Amino acid sequence: MEIEFFSLEGKLDMSLKTYKKKRDFGKTSEPAGNKKSSGSKPIFVIQKHDASNLHYDFRLEVEGVLKSWAVPKGLSTDPSEKRLAKPTEDHPLEYADFEGVIPEGEYGAGPVLIWDNGTFENTTTDENKKNIPMKKALKNGHATFWLNGKKLSGGYALTRTGSGKDERWILVKKNDEKADARRNPVSTEPKSVKSGKSLKEIEQENKE
Ligand code: MN
């Protein structure tokens, strides 16, 4: 089955190789994944994840996978706040619905909740105002996009700094009508947009 899947899915599977290698799907309830598109508009998700360190996994749907970054402080609504984003492996599109507990001994063990989700629009353009496809923009190291989420909305920019093992990205709110330096949703809106639960409640539920 594995061989057949590889030959059918080709490119997509290449991109999810690291994701699959890191996980035992007999043990974790995370999805193995083979969905190719979520619908007419690309989706984004931010998963609050209490693994060895609490962080926010920011994921954007790009050509059949979720491009992913771990953002220790989460996303800000204040354009003067630069947030560090460490690239992580591509995740399958189904991962956008995942909320639960990754079991002890598995990669990323700990509770995960869907902190925000929605669709996004790629707003990256070249010097002639021509749209640059998301995959290319990320390859170039700079992408801008408009989020339509429940907690977060408006323009954001992702810019790569460093390369190879030192690859890091900076994620910042654009200064538009959705910018608001007084809001701090990471601390004032800590719960799941899917279930309304906190990480503690998700962890507790899993034990019962
Ligand atoms: Mn994570």
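The values are calculated or read from the model by the stated rules, or taken from the named source; none is laboratory data. The shown structure was predicted, so the numbers you read here are calculated from the model rather than taken from an experiment. Cβ sites come from the backbone with ideal geometry, for glycine too, and all protein chains shown count toward neighbours.
The table that follows gives values for the structure above.
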| read-out | value |
| --- | --- |
| Glu4 vs. criteria at pLDDT below 95 and either part of a helix (DSSP H, G or I) or not aliphatic (A, V, I, L, M) (or both) | yes |
| Qualifying residue in the range 117-125 (condition: touching a Ser or Thr at 6+ places or on another chain (Cβ under 7 Å), among the hydrophobic types (A, V, I, L, M, F, W, C) and surrounded by 19 or more Cβ atoms within 10 Å (Cβ to Cβ)) | no |
| Scan of the range 102-115 for residues that are within 13 Å of the ligand (Cβ to nearest atom) and not acidic (Asp, Glu), ordered by number | Ile102, Tyr107, Gly108, Ala109, Gly110, Pro111, Val112, Leu113, Ile114, Trp115 |
| Count of the range 12-61 residues which are over 23 Å from Lys86 (Cβ atoms), among the aromatic types (Phe, Trp, Tyr) and in contact with a helix residue (DSSP H, G or I) (Cβ under 9 Å, 6 or more places away or on another chain) | 0 |
| Residue in the range 134-149 that is of a type in the set (A, V, I, L, M, F, W, C), closer than 14 Å to Ile46 by Cα and in contact (Cβ under 8 Å) with a residue 40 or more places away in the chain present | yes |
| Meets criteria (among the charged types (D, E, K, R), surrounded by 14 or more Cβ atoms within 10 Å (Cβ to Cβ) and either over 21 Å from Val45 (Cβ atoms) or out of contact with any Phe, Trp or Tyr (no Cβ under 8 Å at 6 or more places or on another chain) (or both)) for Glu94 | yes |
| Test: residue in the range 160-173 that is in a strand (DSSP E or B), away from the ligand (no atom under 16 Å from the Cβ) and hydroxyl-bearing (Ser, Thr, Tyr) | yes |
| Hey, Phe98 within 12 Å of the ligand (Cβ to nearest atom), within 21 Å of Thr144 (Cβ to Cβ), hydrophobic (A, V, I, L, M, F, W, C) and touching a residue at least 24 places away in the same chain (Cβ under 8 Å) or not | no |
| Residues satisfying the stated conditions in the range 37-68, i.e. hydrophobic (A, V, I, L, M, F, W, C), farther than 16 Å from Gly149 by Cβ and more than 9 Å from the ligand (Cβ to nearest atom) | Leu54, Val62, Val65 |
| Qualifying residue in the range 157-180 (condition: more than 23 Å from Leu54 (Cα to Cα) and of a type in the set (Ser, Thr, Tyr)) | yes |
| Residues that are more than 10 Å from the ligand (Cβ to nearest atom) and of a type outside the set (Asp, Glu), drawn from the range 70-85 | Pro72, Lys73, Gly74, Leu75, Ser76, Thr77, Pro79, Ser80, Lys82, Arg83, Leu84, Ala85 |
